[in-house]
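Everything below concerns the one structure shown next.
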Amino acid sequence: MAMSHSLNAGQLLDEELLRYARQILLDGWDIDAQLRLKASRVVMIGAGGLGCPASETLVRAGLGYVHLIDDDEIEASNLQRQTLFLPDDIGKPKALTAAQMLTRINPLIRARGTVARLSEDNAYELLDIAVAKPDLLLDCTDNFATRDIINRISVRYQIPLLSASAIAMQGQLALYEPHLHTGCYHCVFGSVAVDAVADERTCANSGVLASTTAIMGNLQANAALQYLGLTKNPLTNKLLIWDGSQMQQRLMGYRQDPQCPICISH
C-alpha cells in the first residue's frame, strides 16, 4: 500500500506509549506500526451500527485522524447497537455526536464529523482530496445503492476501500485496492449492486442483532489496523462471509472482472 502521510519524525508521546503499551508489545506490531497508524487518515461513511464499533476500536488503538460522514439523526431504535450514543443524544446528528464521543474516548486523536450525504458530485470536497487524500475509506452504510457510489469514488480517486455489511445475523467484509487493479465492489457483486430493486433490505426494515454490527464493525477495524499499521491487506482478493446463526466464517476468492464498467472507466 502507499501511505500518503509519512511517519512523525519524533517519537510517540509518553502518554501515547502508556496508552498503547499492550498493543506495542504484540509480536509483529512495534513503534513503527503505531506511528504509521498515528499518521493515517481515515474517512468513514456511515456513523451507525458499523461505524460506531469500527471507529471506536480504531480510535482506542491510536488512529491519528478519522472523519465521519453521515446525514442521519439519532433515533431511539439506534441505541440497541450504535454504541457511541446515549438516550440523551436522540435527535442529534450522528456524525457530530460520534466525533465528539471519540475525542472524549481518546483525546490524543483527531475526529471530525460532517452532516452530509456523500455523492460523486461532492466527494472531492467532502474527502478533502485537494488537501490530503485519505489513506482508507470505510464503507459503513446499509444499502447497495450507497455502496455502489462509494465504490465509484474509491476507483475514481484510487483510494483503498474497506467495505462491510451487516444484516440480521450475517455480515460481509472486503478490502479493495483499486491502484493494484485486483477488483472492486462491482467486480464482486456485479449488477446486483446497482439494481435498486434487487435487494432493499436494511437494518431499518429487516432487523439486525446487536452483536452482528458489533462483530462486523470490529472485523472491519481489525482489517484497517493491519492495513494502516502493518501495510498488509489481510483480505487480498477475498470476501469474508460471517454467519452468526451458525457461528461460521468463510472466505470466498474473487478476481477483477475484465468487463467491469467501473474499473475499465479508470
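The values are calculated or read from the model by the stated rules, or taken from the named source; none is laboratory data. Every value quoted in this text rests on a predicted model; they were computed, and no experiment measured them. As a convention, Cβ positions derive from the backbone with ideal geometry for all residues, glycine included, and neighbour counts pool all protein chains shown.
Across the range 144-171, what is the number of residues that are surrounded by 19 or more Cβ atoms within 10 Å (Cβ to Cβ), polar (S, T, N, Q) and either more than 12 Å from the chain's Cα centre (by Cα) or farther than 14 Å from Gly217 by Cβ (or both)?
Counting residues in the range 144-171 that are surrounded by 19 or more Cβ atoms within 10 Å (Cβ to Cβ), polar (S, T, N, Q) and either more than 12 Å from the chain's Cα centre (by Cα) or farther than 14 Å from Gly217 by Cβ (or both) gives 2.
May I ask you to verify whether Leu12 is more than 23 Å from Val131 (Cα to Cα), among the aliphatic types (A, V, I, L, M), in a loop (DSSP other than H, G, I, E, B) and touching a helix residue (DSSP H, G or I) at 6+ places or on another chain (Cβ under 7 Å)?
Yes, satisfied.
Does the range 187-195 contain at least one residue that is at pLDDT 95 or above and acidic (Asp, Glu)?
no
For the range 162-186, which positions are among the hydroxyl-bearing types (Ser, Thr, Tyr) and closer than 24 Å to Thr231 by Cβ?
Those that are among the hydroxyl-bearing types (Ser, Thr, Tyr) and closer than 24 Å to Thr231 by Cβ: Ser163, Tyr176, Thr182, Tyr185.
Which numbered condition in (1) part of a strand (DSSP E or B); (2) among the aliphatic types (A, V, I, L, M); (3) surrounded by fewer than 23 Cβ atoms within 10 Å (Cβ to Cβ) is the only one that Ala174 fails?
All conditions are met except number (3).
Can you confirm whether the range 114-137 contains a residue that is outside any helix (DSSP H, G or I) and of a type in the set (Phe, Trp, Tyr)?
Looking for residues that are outside any helix (DSSP H, G or I) and of a type in the set (Phe, Trp, Tyr), one finds none in the range 114-137, hence no.
Please work out which one of (1) of a type in the set (Ser, Thr, Tyr); (2) assigned to a loop (DSSP other than H, G, I, E, B); (3) within 30 Å of Leu230 (Cα to Cα) is the condition Thr103 fails and give its number.
Every condition holds for Thr103 apart from (2).
In the range 71-78, is there at least one residue being crowded, with 18+ Cβ neighbours inside 10 Å and on the phi < 0 side of the Ramachandran plot?
Yes, the range 71-78 has at least one match.
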